[in-house]
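What follows is a single structure, written as structure tokens, with notes after it.
The values are calculated or read from the model by the stated rules, or taken from the named source; none is laboratory data. The structure displayed is predicted, hence computed values, not measured ones. Neighbour counts are summed over all protein chains in view; Cβ atoms, including those assigned to glycine, are modelled from backbone coordinates with ideal geometry.
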């Protein structure tokens, strides 16, 4: 087979057509698309793509992508299609990685990614700069607005990759000022956890249930560390609204009616034993519930 460099040069127009299709079908404002592109770039930059063969007669390129498991990808240069052995459709990080690996032989992948992300970066950066608890909440939830794939409940490793990718995306908009960083991280972790809650609960009933439970314990531990930092950190008048809004988010979370109250309560209890600890706050909180669960009636006055 010819070298990958010569092959890419020979089919330069075809590769540009692949890239144009990607640019048209994937949006940087969709968190799942952004995550897919980011992971594909990671695979390319860490030598995760191996071109295996090229069939001159059928114009089929076969490649292996070294992800958590080796995955075969086939590009049909004639029909401009891509087939992958993984279950994700219609596009996945493996198909993208092979196309990106070819593209970087004829162009700058970094420049393409920067150009592709520019509209999202401008929009979210403007949102992040408007500092308010409502804007933070809107910003973080916008990263989670795409539907979570069903297969993540059956395979913890896909779930973990998806969660870590979106959380990292949310944290990329963290304020530069040191005094705001911990509070923003708390928002990002808590909101991300609530956004993925239904998937997590379903995952605890699937084959990888122990991994999901360990993940939840780790998230509780991460939040506990953040809340401990907030507890001893000097508060300013500017942050008051953020703490008040955080109480509302936590209250809305515990008021959801499903079969996961005990797990929800462990989160609620964490906030109210670490961050909100005065009798006055607890009395006000109990009054804020219309029909509080009996466990809340017991917990709030006496902690």
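A compact table of results
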quantity: Test: residue in region 276-285 that is assigned by TED's automatic domain parsing to the domain that holds residue 166, out of contact with any helix residue (DSSP H, G or I) (no Cβ under 7 Å at 6 or more places or on another chain) and closer than 25 Å to residue 141 by Cβ; calculated: no
quantity: Subset of region 70-98 (residues that are surrounded by 18 or more Cβ atoms within 10 Å (Cβ to Cβ), touching a residue at least 60 places away in the same chain (Cβ under 8 Å) and over 23 Å from the mean Cα position of the chain (by Cα)); calculated: 77, 82
quantity: Hits in region 42-68 - residues which are touching a residue at least 40 places away in the same chain (Cβ under 8 Å) and surrounded by fewer than 17 Cβ atoms within 10 Å (Cβ to Cβ); calculated: 53, 68
quantity: The listed residue being outside the structural domain of residue 196 (by TED's automatic domain parsing) and either assigned to a strand (DSSP E or B) or touching a strand residue (DSSP E or B) at 6+ places or on another chain (Cβ under 6 Å) (or both), out of 105, 9, 72; calculated: 72
quantity: Single match in 252, 256, 294 (criterion: modelled with pLDDT of 90 or more and either in the same structural domain as residue 202 (by TED's automatic domain parsing) or in contact with a strand residue (DSSP E or B) (Cβ under 9 Å, 6 or more places away or on another chain) (or both)); calculated: 252
quantity: Residue in region 103-115 that is exposed (fewer than 15 other Cβ atoms within 10 Å of the Cβ), touching a residue at least 24 places away in the same chain (Cβ under 8 Å) and either within 20 Å of the chain's Cα centre (by Cα) or under 30 Å from residue 246 (Cβ atoms) (or both) present; calculated: no
quantity: Positions within region 187-225 being within 15 Å of the chain's Cα centre (by Cα) and over 19 Å from residue 32 (Cα atoms), in sequence order; calculated: 187, 190, 215, 219
quantity: In region 28-62, the residues that are out of contact with any strand residue (DSSP E or B) (no Cβ under 7 Å at 6 or more places or on another chain) and part of a loop (DSSP other than H, G, I, E, B); calculated: 28, 29, 30, 46, 47, 56, 57, 58
quantity: Filtered residues of region 29-47 (kept if within 11 Å of the chain's Cα centre (by Cα) and at pLDDT below 90); calculated: 30, 31, 32, 33, 34, 35
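Table: residues versus (1) without any contact (Cβ under 8 Å) to a residue 12 or more places away in the chain; (2) closer than 24 Å to residue 167 by Cα.
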site: 232; (1), (2): yes, no
site: 250; (1), (2): no, yes
site: 260; (1), (2): no, yes
site: 278; (1), (2): yes, no
site: 293; (1), (2): no, no
site: 296; (1), (2): no, no
